[in-house]
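**Q** Below is a structure I'd like to ask you about.
The values are calculated or read from the model by the stated rules, or taken from the named source; none is laboratory data. The structure presented is a predicted model; accordingly, all values stated were derived computationally and were not measured. Cβ placement follows ideal geometry from the backbone for every residue including glycine, while neighbour counts extend to all protein chains displayed. For accessibility, only protein heavy atoms count, side chains too; no ligands or nucleic acids. Shrake-Rupley method; radii C 1.70, N 1.55, O 1.52, S 1.80 Å.
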Protein chains: 2
Amino acid sequence: MKKLLNKIDDVVVESLAGLAASHPTLVRLHPSVKAVLRADAPRVKVAVISGGGSGHEPLHGGYVGYGMLDAACPGEVFTSPTPDQMYEAAKAVEGGKGVLFIVKNYTGDVMNFQMAADMLAGEGVNVAQVVIDDDVAVQDSLYTAGRRGVGGTVLAEKIVGAKAEAGGSLEEVKALCEKVNSRVRSMGMALTPCTVPAAGKPTFSLAEDEMEIGIGIHGEPGRERMKLKPAGQIVEMMAKAIVDDLPFKPGDEVLAFVNGMGGTPQMELFLVFNDLAAYLRDRGLVIARSLVGNYITSLEMQGFSITLLKLDEELKVLWDAPVETAGLRWGR
Amino acid sequence: MKKLLNKIDDVVVESLAGLAASHPTLVRLHPSVKAVLRADAPRVKVAVISGGGSGHEPLHGGYVGYGMLDAACPGEVFTSPTPDQMYEAAKAVEGGKGVLFIVKNYTGDVMNFQMAADMLAGEGVNVAQVVIDDDVAVQDSLYTAGRRGVGGTVLAEKIVGAKAEAGGSLEEVKALCEKVNSRVRSMGMALTPCTVPAAGKPTFSLAEDEMEIGIGIHGEPGRERMKLKPAGQIVEMMAKAIVDDLPFKPGDEVLAFVNGMGGTPQMELFLVFNDLAAYLRDRGLVIARSLVGNYITSLEMQGFSITLLKLDEELKVLWDAPVETAGLRWGR
């Protein structure tokens, strides 16, 4: 295992310290639990909080800041955070207008966010939760009942964060998050596996001429393992599954998001976007917004995912709204 | 070789098409040569142009846009662009106030930019050039007489782009670029090699327990190949070489830039930043600005580089100025 680390047990804590040290005006760390907090929290707004296993950076800690998350709760690598992290983070940033938990659909995350919500509700805090389940690849999977939550989470955090920043109520912000989830679909693929530091060996293996289509962000099995194909054919398989699922219809405006799994060269991500743009044009869809890069990763895995979000005027305005985080930043 | 591509010969062209398709309001492609142009060029300002081999994305095409580059000329992977690309790009974006070429110090790039400058000067265009040579690792290298140009190039393009956007003259913009180059130092390392698509095999090999310190962005040899060490020790070796070189002095304010080589997990880059912050604190340096991520890459190479820029008020203001490109974007 070749990794840049000091002690395996300290990987997450040291990485969080580096995030905070490099963005001191945006975030601070919670003094007693592993949580990334907005530097200027609490504020009088709905507190938008997410979390999940580490190893997907910049998700979620990199999305804490103006116009996106108020707090993020990172677990160990590919491991759910605990209810006390979520509870303490919420207590630290909640400003009187309630808390929205944005939860990726993994069994441990869902269970622990539910426990934290119960603890907060018991103290009179208004808490709502939305579970993101945008991955069309598989119905159930290794860590999930129902579809997995993947790239759509990034878009939900951005759009919902903008609404909360603009003063939306907890009911409005929750409804918006459900709306985003209902209009977003994703699928991923991998060329190579990744290695969890504590495990020391790859999560799975792929032959030199193989890829896996429909893979999850922890390397959990996808739809099909097959011989490597030209990028255009890979994109077509994945985009077809996504477009047919919602279904997206001719004339729909979409946000097209090509996400790198962490180890994929940017040159290849742009090449993939080019193939995606051609496919969507053939299907009559209009790319009105786009995002290309490493936004929800699986350590050093090579591969990519495609996420499409069906836009409307409300979603476009909120997507374009200013954001200032380590992972996404524009226009303030 | 596992890569997301269609035909090996088309990798660069398709990737550029994807860059343009995903950022149509920011950039357009030159109709006849491989060059990325600002969508709104030419404008009445000094045209800031860079270029070099592909495979380092988002450098340089990802830095074309408001507040940074007016054009970028990409060669094939790890291969210099040609003088006609630079000449045509300059002709397309030059708005009457002259052209600054920002050139990374590689023999082919320097020679070809010089030829393009001669061609433009022959037509009465004011052209200036600055060669960036910030890599402290080696004096000469495989493709370079003198020090190599690496991470400092990203910072120079941002800062100089802001000055040009603000109306600086060619003389002012050139002097600023020389100032940045005189105050910036870098060093890189690799855990793994990378594979140029047309070659089909890794550029070099490293044993499972080895790393290379001082590596160049094309995998060219560095200072020393050694056993993998804890991140803190690696950072100290590299940061010491950088700090001692300028030398940076106690009390100096710096921009600290930890750059991923393309295949390094973001979690590890933040961990590295944490070690860098500790080292710089011990040396009495003050991190006034920071940048962490994949900004000048070597395809899928795993590893990182450290770049330090000695700041002053002028450089801080220009660094903070709005920028809107595929690779860097904030504050407009």
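**Q** Given the conditions (1) within 11 Å of chain A (Cβ to nearest Cβ); (2) not in a helix (DSSP H, G or I), which single one is not true for B:G52?
**A** (1)
**Q** Any residue at all in segment B:217-233 that is in contact with a His (Cβ under 8 Å, 6 or more places away or on another chain) and farther than 30 Å from B:M1 by Cβ?
**A** Start the filter on segment B:217-233 by keeping residues that are in contact with a His (Cβ under 8 Å, 6 or more places away or on another chain), which leaves B:217.
Those left that are additionally farther than 30 Å from B:M1 by Cβ: none.
Looking for residues that are in contact with a His (Cβ under 8 Å, 6 or more places away or on another chain) and farther than 30 Å from B:M1 by Cβ, one finds none in segment B:217-233, hence no.
**Q** Let me ask you something else. Only residues that are open to solvent by 10 Å² or more (accessible area, probe 1.4 Å) and either part of a strand (DSSP E or B) or on the phi > 0 side of the Ramachandran plot (or both): list them for segment B:55-66, please.
**A** The one that is open to solvent by 10 Å² or more (accessible area, probe 1.4 Å) and either part of a strand (DSSP E or B) or on the phi > 0 side of the Ramachandran plot (or both): B:Y66.
**Q** Something else about it: Of the conditions (1) crowded, with 24+ Cβ neighbours inside 10 Å; (2) within 20 Å of A:G62 (Cα to Cα); (3) not small (G, A, S), A:R148 clears all except one; give me its number.
**A** (2) is the only condition that A:R148 fails.
**Q** Residues being assigned to a strand (DSSP E or B) and surrounded by fewer than 21 Cβ atoms within 10 Å (Cβ to Cβ): count how many of those fall in segment B:311-328. Can you show your working first?
**A** So in segment B:311-328, the residues assigned to a strand (DSSP E or B) come out as B:323-324.
Filter once more, so that each one left must be surrounded by fewer than 21 Cβ atoms within 10 Å (Cβ to Cβ): B:324.
Residues in segment B:311-328 being assigned to a strand (DSSP E or B) and surrounded by fewer than 21 Cβ atoms within 10 Å (Cβ to Cβ): 1 in total.
**Q** Suppose we keep only residues that are in a loop (DSSP other than H, G, I, E, B) and within 13 Å of another protein chain (Cβ to nearest Cβ) within segment B:206-218. Which one would you say is most open to solvent (accessible area, probe 1.4 Å)? Before the answer, list the steps.
**A** Step one: of segment B:206-218, the residues in a loop (DSSP other than H, G, I, E, B) are B:206-209, B:214-218.
Among the residues that remain, those that are also within 13 Å of another protein chain (Cβ to nearest Cβ) are: B:206-209, B:217.
Details: B:L206: 31, B:A207: 45, B:E208: 122, B:D209: 67, B:I217: 6 Å².
Here the answer is B:E208.
**Q** Any chance segment B:109-126 includes a residue that's open to solvent by 10 Å² or more (accessible area, probe 1.4 Å), under 17 Å from B:V173 (Cα atoms), polar (S, T, N, Q) and not assigned by TED's automatic domain parsing to the domain that holds B:K201?
**A** Within segment B:109-126 (the criterion being open to solvent by 10 Å² or more (accessible area, probe 1.4 Å), under 17 Å from B:V173 (Cα atoms), polar (S, T, N, Q) and not assigned by TED's automatic domain parsing to the domain that holds B:K201), the answer is yes, since at least one residue qualifies.
**Q** Which condition number in (1) over 19 Å from A:Y63 (Cβ atoms); (2) not in a helix (DSSP H, G or I) is the one that A:S305 fails?
**A** (1) is the only condition that A:S305 fails.
**Q** Suppose we filter A:L4, A:L100, A:L37, A:L69 for residues that are within 11 Å of another protein chain (Cβ to nearest Cβ), at pLDDT 95 or above, touching a helix residue (DSSP H, G or I) at 6+ places or on another chain (Cβ under 8 Å) and crowded, with 24+ Cβ neighbours inside 10 Å; which single one remains? Even if it seems obvious, please write down each step before you answer.
**A** Details: A:L100 fails: within 11 Å of another protein chain (Cβ to nearest Cβ); A:L37 fails: within 11 Å of another protein chain (Cβ to nearest Cβ); A:L69 fails: within 11 Å of another protein chain (Cβ to nearest Cβ).
The conditions single out A:L4.
**Q** Let me ask you something else. May I ask you to verify whether B:K201 is more than 29 Å from A:L328 (Cα to Cα) and either outside the structural domain of B:E157 (by TED's automatic domain parsing) or in contact (Cβ under 8 Å) with a residue 12 or more places away in the chain (or both)? Show your work before the answer.
**A** On the way: more than 29 Å from A:L328 (Cα to Cα): yes; either outside the structural domain of B:E157 (by TED's automatic domain parsing) or in contact (Cβ under 8 Å) with a residue 12 or more places away in the chain (or both): yes.
In short, yes.
**Q** So which residues in segment B:292-301 are at the interface with chain A (Cβ under 8 Å from one of its Cβ atoms), in contact (Cβ under 8 Å) with a residue 40 or more places away in the chain and within 20 Å of A:L19 (Cβ to Cβ)?
**A** Selection gives B:N294 alone.
**Q** If you take the residues of segment A:7-25 that are buried (at least 20 other Cβ atoms within 10 Å of the Cβ) and either small (G, A, S) or facing chain B (nearest Cβ under 7 Å) (or both), which of them is nearest to A:P197 (Cα to Cα)?
**A** A:V11
**Q** What single numbered condition from (1) at pLDDT below 95; (2) buried (at least 20 other Cβ atoms within 10 Å of the Cβ); (3) aliphatic (A, V, I, L, M) fails to hold for B:L142?
**A** So the condition that B:L142 fails would be (2).
**Q** All but one of (1) touching a helix residue (DSSP H, G or I) at 6+ places or on another chain (Cβ under 8 Å); (2) open to solvent by less than 60 Å² (accessible area, probe 1.4 Å) hold for A:N105; which doesn't?
**A** (1) is the only condition that A:N105 fails.
**Q** If I filter segment A:275-291 down to residues being closer than 14 Å to A:L255 by Cα and without any contact (Cβ under 8 Å) to a residue 24 or more places away in the chain, which single residue comes out as nearest to the other protein chains (Cβ to nearest Cβ)?
**A** Residue satisfying both the conditions and the ranking: A:A277.
**Q** Scan segment A:83-111 for residues that are in a helix (DSSP H, G or I), among the charged types (D, E, K, R) and farther than 18 Å from A:S54 by Cβ and jot them down.
**A** Going residue by residue through segment A:83-111, those that are in a helix (DSSP H, G or I) are A:83-93, A:107-111.
Imposing the further condition that a residue be among the charged types (D, E, K, R) reduces the set to A:84, A:88, A:91, A:109.
The answer is A:K91, and nothing else.
**Q** Further, regarding this structure: When you go through B:R28, B:R43 one by one, which is the residue that is in a strand (DSSP E or B), in the same structural domain as B:A164 (by TED's automatic domain parsing) and open to solvent by 10 Å² or more (accessible area, probe 1.4 Å)?
**A** On the way: B:R43 fails: in a strand (DSSP E or B).
On inspection, the qualifying residue turns out to be B:R28.
**Q** When the residues of segment B:234-274 are filtered to those that are more than 13 Å from chain A (Cβ to nearest Cβ) and of a type in the set (D, E, K, R), which remaining residue is surrounded by the most Cβ atoms within 10 Å (Cβ to Cβ)?
**A** Within segment B:234-274, the match that is surrounded by the most Cβ atoms within 10 Å (Cβ to Cβ) is B:D252.
**Q** Among the residues of segment A:178-203, write down those that are open to solvent by less than 10 Å² (accessible area, probe 1.4 Å) and part of a strand (DSSP E or B).
**A** Narrowing segment A:178-203 to residues open to solvent by less than 10 Å² (accessible area, probe 1.4 Å): A:180, A:184, A:186-191, A:194, A:197.
Correct list: A:V184, A:S186, A:M187, A:G188, A:M189, A:A190.
**Q** Could I ask something else about it? Consider A:E324 carefully, then state whether it is more than 13 Å from chain B (Cβ to nearest Cβ), among the acidic types (D, E) and out of contact with any helix residue (DSSP H, G or I) (no Cβ under 9 Å at 6 or more places or on another chain). Working first, answer last.
**A** On the way: more than 13 Å from chain B (Cβ to nearest Cβ): no; among the acidic types (D, E): yes; out of contact with any helix residue (DSSP H, G or I) (no Cβ under 9 Å at 6 or more places or on another chain): yes.
Taking the combined requirement at face value, the residue does not satisfy it.
**Q** Please specify each residue of segment A:112-137 satisfying the condition of being touching a Pro at 6+ places or on another chain (Cβ under 6 Å) and either of a type in the set (A, V, I, L, M) or assigned to a loop (DSSP other than H, G, I, E, B) (or both). Walk me through it before giving the result.
**A** Of segment A:112-137, the ones touching a Pro at 6+ places or on another chain (Cβ under 6 Å) are A:112, A:115-116.
Matches in segment A:112-137: A:M115, A:A116.
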